[in-house]
Amino acid sequence: MHPMFFEGRLYTFSDKISKFELDMSAFKAANPEAVFEDFILWHSPGDWENDIGSASSKSLAEDDLPPQGRLSQRMSEQGNMWRKIWNEAPALPASEQKPLLDPNREGEKILHYLETVRPYQLLEQMVCTAFRASANTLNLTSYGGLKKMAIKMDQLYLTMASVLKPLQSNSLSPGSDTIEDLRRLCVVFEHVEKLVSVAASLHRKFLQAPRLAEAIFSDYYDFYLPRMGTSSTTDNVLKEFDKKQVVRFRERQVVSNMFVTPTANQSWRKVLSMGNLLNGHEPILREIIFSMRDRVIGNHYASRTPESHRQEIETHRMYICGTSNDLRVALSVTSCD
């Protein structure tokens, strides 16, 4: 085999077999001494195995010497369609090949279809396309390596395929439940969209602390999952979610950087009387909790506590809740007396 160079061409609306035949014909014309193995190594590198059994990822044009190896089992089978097409394909340059389709004729077919398509058929296609495009847009959102979010996106695609299948096959009937299924799919889509929003927000805020983002999202996901699919009125879920998370030493700076000190022009505003901004914005509500833990050793009135029973408890706790209009402070003290 010899190093090969070939100018590829782009095909649209073509049959696979016809495309392979044209590619092989052009390849033969550009490389008169080529054999079937040369074409496979250029067109489908994954079907070429080198001497150590792993698939080669380089084409002949990238190597100084012909690679040593063999065709994959799929390409070596008796009666392989690719080899049959290769043996029958003539050597013909791409510039002399007959196009796979006539653009004018295909355009006329499209116009005729649009003129004769029934409204409900067009609506079915638009619904399927809209859901697919919306799901793909959600899937392009960057949310890091949040595995649960990735699994939920895969489940969304499976749900869409199941619900939209009757629309794609034009098998709707007057008594079908497709409309109701579409409504439920909209609710599921809404819930997944909210999860993506939370996942993307956490990923952006905790780029330097991915473990913390994963832990927070996992807790929120487990809290939110039972509420998915039951109702679309879940605006208060974020307010109800109050799961705490331990911030490790190296993650503290990341959290601290989220609170920005107001500038001189901002500090005079009444709404900033509560302190620093959160990501550059004044939060609607601030909740601050101070706590202190002490080891229980004993007290003035009881006998001395044995060493084995000594434990650490929260002895002081101050809870501060404030908005721009009010401030509430609560103090709790635990005593052993």
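The values are calculated or read from the model by the stated rules, or taken from the named source; none is laboratory data. What you see is a predicted model; the values in this text were computed from it and never measured. For neighbour counting, all protein chains shown are included, and Cβ atoms are generated from backbone atoms with ideal geometry for every residue, glycine included.
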Residue under evaluation Y301, criteria (1) under 30 Å from R184 (Cβ atoms); (2) surrounded by fewer than 10 Cβ atoms within 10 Å (Cβ to Cβ); (3) modelled with pLDDT under 70, criterion not met: (1)
Any residue in segment 124-140 that is at pLDDT below 90, surrounded by 12 or more Cβ atoms within 10 Å (Cβ to Cβ) and outside any helix (DSSP H, G or I)? no
Restricted to segment 304-329, and to residues that are surrounded by fewer than 10 Cβ atoms within 10 Å (Cβ to Cβ) and within 30 Å of F259 (Cβ to Cβ), which residue is modelled with the lowest pLDDT? E312
(1) part of a helix (DSSP H, G or I); (2) touching a residue at least 24 places away in the same chain (Cβ under 8 Å); (3) not assigned by TED's automatic domain parsing to the domain that holds L207: which one isn't true of L101, the others all being true? (1)
Kindly establish whether M274 is modelled with pLDDT of 60 or more, touching a strand residue (DSSP E or B) at 6+ places or on another chain (Cβ under 7 Å), among the aliphatic types (A, V, I, L, M) and surrounded by 10 or more Cβ atoms within 10 Å (Cβ to Cβ). no
In segment 158-168, the residues that are exposed (fewer than 14 other Cβ atoms within 10 Å of the Cβ) and closer than 22 Å to V198 by Cβ: L158
